[in-house]
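Nothing in this text is a laboratory measurement; each read-out follows from the coordinates by a stated rule. All of these numbers come straight from a predicted model, not from anything done at the bench. Neighbour counts are summed over all protein chains in view; Cβ atoms, including those assigned to glycine, are modelled from backbone coordinates with ideal geometry.
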Amino acid sequence: TYALPISGARAGEIIWLHVEDVDLEQGIIRIVSRGSHRLKTPGSEGILGIPSQLKEIWAEWLKHRLSRPPGFKIQDANCPFMFPTARCHRDAPWWSGSPGGRPSAMVKAVAAEVGVLMTPLSLRHSLATHMLHWGAGRAEIQRQLRHSSQATASFYIHDDLDNIRALAARIQY
């Protein structure tokens, strides 16, 4: 999903997201732990901002989230998940499937089409690196990724060689 590279959320947090956790008007996602899905750490609960591009995509998605072909049986029309299974099970979102049909496999496949080796976790690393170059401080990056320490957040920030080269090219004596 488009949310992974621009929100800083973990893949499981997006997959298990409930519609009620998304407030498009306020522009926020509430990451909460539930009995059906526990978060990585207690500190993982939090609020994330929704970038404007994602708000537009999700507004359109919500209109069609439960759309199915005529005659296709939906198990629960009140399915709470932002990304329901094909039959809209109440107890689990779309997280499994046939080989190549899992959300994480689809992210990897799309990346492979353009020659990039990518995983949902690598998207969190990329966001942290870009946030630093966009002017975010380490504390802001820590908050967006919901890490318990700046040391953990720093592990996600990598040298951005393109920006380093561009900076060096501007140096003149």
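The per residue volume of the convex hull around the alpha-carbon atoms of region 15-123 is 140 Å³. Compared with the alpha-carbon gap, the fully stretched path from His18 to Arg170 is longer by 50.0 nm at 0.36 nm per residue.
Using every Cα-Cα pair within region 60-153, state what percent have a distance larger than 15 Å. It works out to 72 percent of all Cα pairs.
Once the mean of 1/r is taken over each pair of separate Cα atoms and inverted, region 49-110 shows a Kirkwood hydrodynamic radius of 13.1 Å. The angle between the Cα long axis of helix 52-64 and the main principal axis of the chain comes to about 10°, on a 0 to 90 degree scale. With R₀ set to 35 Å, the beta-carbon distance separating Ala92 from Glu25 gives a calculated FRET efficiency near 0.80. When the Cα positions of Cys88, Gly49, Ile157 are compared along the charge dipole of the chain, Cys88 comes out farthest toward the positive end, with charges on each C-beta of Lys, Arg, Asp and Glu.
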